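The values are calculated or read from the model by the stated rules, or taken from the named source; none is laboratory data. Note that the structure is a prediction, hence the values are computed from the model and not measured. Note that each Cβ is placed from the backbone with ideal geometry, even for glycine, and that neighbours are counted across all protein chains shown. Accessible surface areas use protein heavy atoms only, side chains included; no ligands, DNA or RNA. Shrake-Rupley method; radii C 1.70, N 1.55, O 1.52, S 1.80 Å.
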Amino acid sequence: MKIVVYSSKPYDKQALCRVFDAEWEVLYLEVPLGLDTIAYAQGAEVVSAFVNDRLDSKVLEALAKGGTKLIALRCAGFNHVDLPVAKKLGIRVVRVPAYSPYAVAEHTVGLMLALNRKLYKAYNRVREGNFALNGMLGFDMHGKTVGIIGAGRIGRLVGKMLKAFGCHVVIYDPYTCEACKSLGIEQVELESLFKQADIISLHCPLNKETNHIINAENIAKMKKGVMLINTGRGALMEVLALIEGLKSGQIGYLGMDVYEKEGALFFEDHSCEIIHDDAFERLLTFPNVLITGHQAYFTAEALSHIAQTTADNIHAYEGLNSTTDCSENEVTCG
Ligand code: NAI
């Protein structure tokens, strides 16, 4: 069986080769999946894609014509896949629901600490022989209220870690979170979270309800000087509203690992080019903004888990002998 793996960087390839190459005929491509690169997938029964690959109706239709029957996502989120179209075309879609919630939760807390204690400034200052503390004042995390949006695997872990710092943790999720009670995390309404949190961290999926959940209207409800952290998905935040919030001081700190238009930037080296995204460039001018390029998941453990689960998902697909059977990590079934 032929598999084409899109958006596979050398570090992905290393982890994937270990579990793929003995089993299947695999073509690893660094380029992302899109209409201009779809020809590589001709005749491939399985196409493996990542977070910024294009999987809209046009791409899916072209893949179906070329004989693709399975999209094996190497990520948890599937907001970039047109699932109804995939289902209509008979293309199954599987994903890696949790490759390392620890990796993402630890990076999230890392962003909070780095922003609070200005570690990114300290690194440069000390290297330049500047040991002045002006502008480096932080705050105790202990006793602060942290609001988490999304009580899933990552959100609960972030809450658990912050409880260990002595934070008061509140969480919003449309569903009751039984596990939160035993962690000492209080489940609250979204409005109440916006009002009381000193730090707000996003861990919900991107969907119609959560798209631009951080907008001008909601930012105005928050405490002045709030810290906002997004390691979920870029479009959870409305970038122009962030810029206005930072300019007015309503947002005191902003940490992002994801960005709405990251597809044109992230995972590539653009250091010798002019970046044409003015909103992104404006964000970088603020001294209280820290952006990482979708690396929260990026640990050795997570890469090997992604490779193994993707291989397991493809095995499960190979083992299905009826179109009504579903595999565990399938998102187009039922
Ligand atoms: P999960 O599926 O375990 O939890 C998501 C939670 O969000 C669920 O409890 C769900 O009920 C809740 N939710 C659904 N709609 C909501 C809404 N309207 N408001 C608030 N909560 C809502 O997912 P997990 O593993 O915790 O991941 C969370 C998100 O993190 C993923 O959807 C993905 O977008 C992002 N992620 C980012 C990574 C990175 O490298 N930056 C890596 C992995 C995931």
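Evaluate the distance, in nm, between pseudo-label points positioned 7 Å from the Cα of Glu189 and of Ala300 along their respective Cα→Cβ axes.
Spacing of the two 7 Å Cα→Cβ label points: 4.9 nm.
Can you grab the distance from the C-alpha centre of the range 60-88 to the C-alpha centre of the range 278-334, Å, no decimals?
14 Å
Out of all DSSP beta bridges in the range 101-291, what portion is antiparallel? Express it as a percent rounded to 5. Provide the component values of the computation, followed by the final result.
On the way: 0 of 24 bridges.
Of those bridges, close to 0 percent are antiparallel.
Relative to the compact globular guide of 2.2 N^0.38 Å, what is the alpha carbon radius of gyration of the range 214-301, as a ratio? Don't jump to the answer; show the numbers that get you there.
Details: Rg = 13.3 Å, N = 88, 2.2 N^0.38 = 12.1 Å.
Its radius of gyration relative to the 2.2 N^0.38 Å reference: 1.11.
Using only Cα atoms, what Kirkwood radius does the chain have, in angstroms?
Details: mean 1/r = 0.0469 Å⁻¹.
Hydrodynamic radius (Kirkwood, Cα only) of the chain equals 21.3 Å.
In degrees, nearest 10, range 0 to 90: what is the angle between the Cα axis of helix 153-164 and the longest Cα principal axis of the chain?
Compared with the principal axis, the helix lies near 30 degrees.
Heavy atoms only, probe 1.4 Å: what % of the accessible area of the chain goes to carbon and sulfur, would you let me know? Show your work: numbers first, answer last.
Numbers: 8530 of 16020 Å².
Solvent-exposed carbon and sulfur of the chain make up 53 percent of the total.
So which chymotrypsin sites (Phe, Trp or Tyr not before Pro) in the range 138-196 are both in a DSSP loop and have at most 16 other Cβ atoms within 10 Å of their Cβ?
Passing both the DSSP loop test and the Cβ count: Phe139, Phe165, Tyr175.
Taking Cα centroids, how far is the range 222-249 from the range 164-208 in Å?
The distance from the Cα centre of the range 222-249 to that of the range 164-208 comes to 17 Å.
Run the quick spin-label model on Ser248 and Thr176: label points 7 Å from Cα toward the beta carbon, then report their separation in nm to one decimal.
Label-label distance for Ser248 and Thr176, simple model: 3.8 nm.
Within the range 95-110, what residues put their amide N at less than 19 Å from the label point 7 Å along the Cα-to-Cβ vector of Gln308?
Output list for this probe position: 95-105.
So if R0 is 51 Å, what FRET efficiency would Phe131 and Ala220 give, r being the distance between their Cβ atoms, rounded to the nearest 0.05?
After rounding to 0.05, the efficiency reads 0.85.
Under a 1.4 Å probe, what is the accessible area of the chain per residue, stated in Å²? Walk me through the numbers on the way to the answer.
Working: 16020 Å² over 334 residues.
Heavy-atom SASA per residue in the chain reads 48 Å².
Size of the dipole of the range 101-291 about the Cα centre, Lys and Arg at +1 and Asp and Glu at -1 on the beta carbon, nothing else charged, in debye to 20? Walk me through the intermediate numbers first.
Values: 20 positive and 22 negative charges, 161 e Å.
Magnitude of the dipole: close to 780 debye.
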